1. Full-extension gain between residue 196 and residue 101, please, as 0.36 nm times their residue separation minus the C-alpha to C-alpha distance.
2. Looking only at the chain, where both bridge partners belong to it, what percent of the DSSP beta bridges are antiparallel (to the nearest 5)?
3. Please arrange 35, 26 by counting, for each residue, the other beta carbons lying within 10 Å of its beta carbon, fewest first.
4. Mind checking the full-extension length gain between residue 130 and residue 213? Use 0.36 nm per residue of separation minus the Cα-Cα distance, one decimal, nm.
5. Tell me the relative contact order for region 29-75 as a rounded percent, counting alpha carbon contacts under 8 Å between residues six or more apart.
6. Most exposed first by the Cβ proxy, i.e. fewest other Cβ within 10 Å, how do 7, 137, 75 rank?
7. Compute the length gained on full extension between residue 2 and residue 82: take 0.36 nm times their separation in residues and subtract their Cα-Cα distance, giving the result in nm to one decimal.
8. For Rg and Dmax of the Cα atoms in Å, which listed value, [x] 18.9, 58; [y] 21.7, 66; [z] 20.7, 71, comes from the coordinates shown?
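Every number in this text was worked out from the coordinates using simple rules, so none of it is lab data. Not measured: the values here are computed from a predicted model. Reconstructed Cβ throughout: ideal geometry from the backbone, glycine too, with neighbour counts over all protein chains shown.
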């Protein structure tokens with residue numbers, strides 16, 4: 001069996017301009033280390049497929065928070081189920097809207113369920129799926145429709161990305177993976193759907209130390225394994241830094257919103273002392 005452990009630079013050497021890259025961007029299963037490494041490369045015209053395309057503020061980004069928009073300048077198309085609304089503290093959203101209006105960036109949106117089901121169809125190498133979601137709306141424009149047992153369905157193409165970035169807790173050298181918590185929600189499907197899968201992990205252990213019943217993604221679906229360095233912001237040791245920064249930022253937002261409401265009512269609002 002092949003030893004799949006390598007460096008991030010070696011793992012990313014398979015990428016080429018114009019490829020489609022898929023990744024989970026939500027919670028602990030986000031491949032943050034690989035995404036930052038992708039930023040250091042000069043690939044162009046990428047298609048980025050992520051479930052949540054939510055840019056981060058400068059404050060949380062500097063702390064290492066996962067941000068799919070890091071590679072916006074290298075992107076020509078975004079496939080996503082959710083994105084952030086335009087806000088003053090997210091100027092990059094204005095850039096995204098500007099590029100979409102100019103035609104230099106394409107944005108394909110769909111429900112989270114449809115996105116995952118299209119990836120699952122790709123994983124199973126199906127020809128696509130029929131779904132009632134979007135029937136009678138702009139979502140059906142340009143798509144095949146069928147009446148099945150008296151109900152209208154919209155055809156959705158399968159998604160088979162060129163490269164999948166996934167994040168797992170532990171791996172052995174053969175690519176067998178186990179996950180913690182919600183990291184196992186989308187990552188196993190991404191691993192199966194992608195033509196080439198790179199997994200970043202917190203820990204690499206001996207094959208005999210992996211409980212067979214705990215393995216979620218078998219090594220046959222994984223091409224390369226990259227261990228996250230302990231000093232990196234995406235490591236288990238440091239990831240709480242950006243998590244705390246994100247929480248603090250959200251709390252500050254709530255305080256500012258409350259202050260605006262109180263000010264609008266003509267009431268002087270005193271902020272609580274810093275904790």
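1. Details: separation 95, 0.36 × 95 = 34.20 nm, distance 3.25 nm.
Length difference between fully extended and current span is 31.0 nm.
2. Details: 11 of 42 bridges.
The antiparallel fraction comes to roughly 25 percent.
3. Working: 35 23, 26 18.
In order of increasing Cβ crowding within 10 Å: 26, 35.
4. On the way: separation 83, 0.36 × 83 = 29.88 nm, distance 3.34 nm.
That pair, residue 130 and residue 213, stretches by 26.5 nm at full extension.
5. On the way: 33 pairs, mean separation 23.5, N = 47.
Worked out over region 29-75, it gives 50 percent.
6. Details: 7 12, 137 9, 75 23.
Lowest count first: 137, 7, 75.
7. On the way: separation 80, 0.36 × 80 = 28.80 nm, distance 3.76 nm.
Result: 25.0 nm gained on full extension.
8. It is the one labelled [z].
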